[in-house]
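Quick notes on the structure that follows.
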Amino acid sequence: MSEMGMYRYCYSLDCNSTDVSPFVAVRPCQHLQSRARGRSGYSDCVSTAILTSFTSLHTYKRRSARIILFFALALSMSSPAQEHPPDHNWGYSGVLGPSHWGDLKPEFAQCKAGHHQSPIDIRNPQKAALPPIQFNYQPSPLDIIDNGHTVMVNYRPGSFILVGDRKYALKQFHFHKPSEEKIDGKRFDMTVHLVHEDSEGKLAVVAVVIQKGGDSPLVRELWKDLPKEKGKEEVHDKVQIDVSQILPADRGYYTFSGSLTTPPCTEDVTWFVLKHPTTVSAEEIKRFSRLYRDDSRPTQPLYDRIVFASQ
C-alpha cells in the first residue's frame, strides 16, 4: 500500500504454474492497482485457462479435476476478503525502511530520485492571500482497516473540500506516529492525513498534526472498533463517524507541492498542512503505539519549492 493505499494497494496473481496440466495454457493476470483509496477500483484478477488438446477421454477426466481446483483457488484469492491484503514489500525500519524504498522496486524510484517529496519541515513560509479551505464533510458509516502500515478509514462519497474553484472529494484518512511533517523543526505526537481526489484524478492531502491533550470523540470510536486482524476491512453500517471532529477550530494552513509519503512516493500531490494542532488523549496515543510505534517517513529536502502560508 501507498499514501493512496495507504493510498494504493497493489497485488497480483501468479498464474505461471506448470503443475496444472501440459494441456493447459495459462495467461498471467495483469497487475492491478487501485487509486485514491485502498478499496476503490476493485477488479477481479482471475487467470484464464484454455484447454488446448486432449489425447483421450481418460486423460480429460483425470486432468479436469485439477483444472477445477485451479479455478477454485484463483476465485478464492479474488474474493472480497482478500481485496486489502497487507503489503510487506516495504516498511519503516531496516532493509525495508524509508532510506531503501527507492531501491526496492522500479516503481518506487521516485522515493529516491524525486525532488518534490513529502513530508517536509515547514520553515519560513511566504504569506499569501490564499483562499480558505471550505470543509464539507458529512457523517459516514465506519469502514476501517488495519492495513499493516497504519489504521485507515475509507470514507463514503459525498464529503469534499473546496479551495478556490477546486473541489476535492474525500476518499480516506489514516494516521502516522509521530507526525511526518514538522513545523519550524517541531514534530508532533501524531498526524492524520485526509486524502482527497478531484475530478481529474489529482490528489490533495489535508494534514492535521496531533498533540497530547483532550480526548477525541472520533478517535475514541475508531479505537473501539479496531479490527483484530491485519488486512481485513471491517464495515460497521450502524456506526456513524464524522471526520470533521478531528479538525482544529482555526483552519489556517500551509500549502506546497509534494508527494505521497509512502511508496510509490508519487509526486504532483497538493498538500494543505493545517497550522494548528488538534488533540487526542495520552491513552489514545498509547493505544495506537501498541500497533505502530513509528510509521513515519523522515522529512525530505525542499529543493526549489516554495511553501505558502494563509494570512
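Taken together, the values in this text are just the output of simple stated rules run on the coordinates, not laboratory data. None of these values were measured; they are calculated from a predicted model. So basically every Cβ, Gly included, is an ideal-geometry build from the backbone, and we count neighbours across all protein chains shown.
By average Cβ neighbour count within 10 Å, what is the ranking of 223-231, 152-160 from highest down?
Working: 223-231: 13.2, 152-160: 18.4.
Highest mean packing first, the order is 152-160, 223-231.
Amide H to amide H, with H built 1.01 Å from N, Gly97 comes under 5 Å of Gly91, counting only residues 5 or more places away or on other chains. For the range 91-108, 3J(HN,Hα) computed residue by residue from phi via the Karplus equation (6.51, -1.76, 1.60; θ = phi - 60°) reads x, 10, 8, x, 6, 9, x, x, 5, 10, 3, x, 9, 6, 8, x, 6, 9 Hz, glycine and proline entered as x.
In this model, which of Lys232/Lys286; Lys127/Lys167; Lys105/Lys238 are farther than 32 Å apart at the alpha-carbon? List each step's numbers first, then the result.
Values: Lys232/Lys286 22 Å; Lys127/Lys167 23 Å; Lys105/Lys238 41 Å.
Those over the limit are Lys105/Lys238.
If you place +1 on the Cβ of every Lys and Arg, -1 on the Cβ of every Asp and Glu, and leave all else neutral, what size is the dipole of the range 115-310 about its Cα centre, to the nearest 20 Debye?
Numbers: 26 positive and 27 negative charges, 89 e Å.
Magnitude of the dipole: close to 420 debye.
Summing Cβ point charges (Lys, Arg +1; Asp, Glu -1) relative to the Cα centre of the range 190-236 gives a dipole of roughly 300 debye. Annotation: amide H-H contacts under 5 Å for Val151 (H modelled 1.01 Å from N, sequence separation of 5 or more, or interchain): Phe175. Across the range 156-161, computed HN-Hα scalar couplings (Karplus, 6.51 cos²θ - 1.76 cosθ + 1.60, θ = phi - 60°) run 5, x, x, 9, 7, 10 Hz from first to last residue, x flagging Gly and Pro. Computed from backbone phi with θ = phi - 60° and the Karplus coefficients 6.51, -1.76 and 1.60, the 3J(HN,Hα) list for the range 283-291 is 5, 5, 5, 4, 5, 5, 4, 5, 8 Hz; x is used for glycine and proline. The H on the amide N of Thr262, modeled in the peptide plane, is under 5 Å from the matching H of Glu3, each at least 5 residues off or on a different chain.
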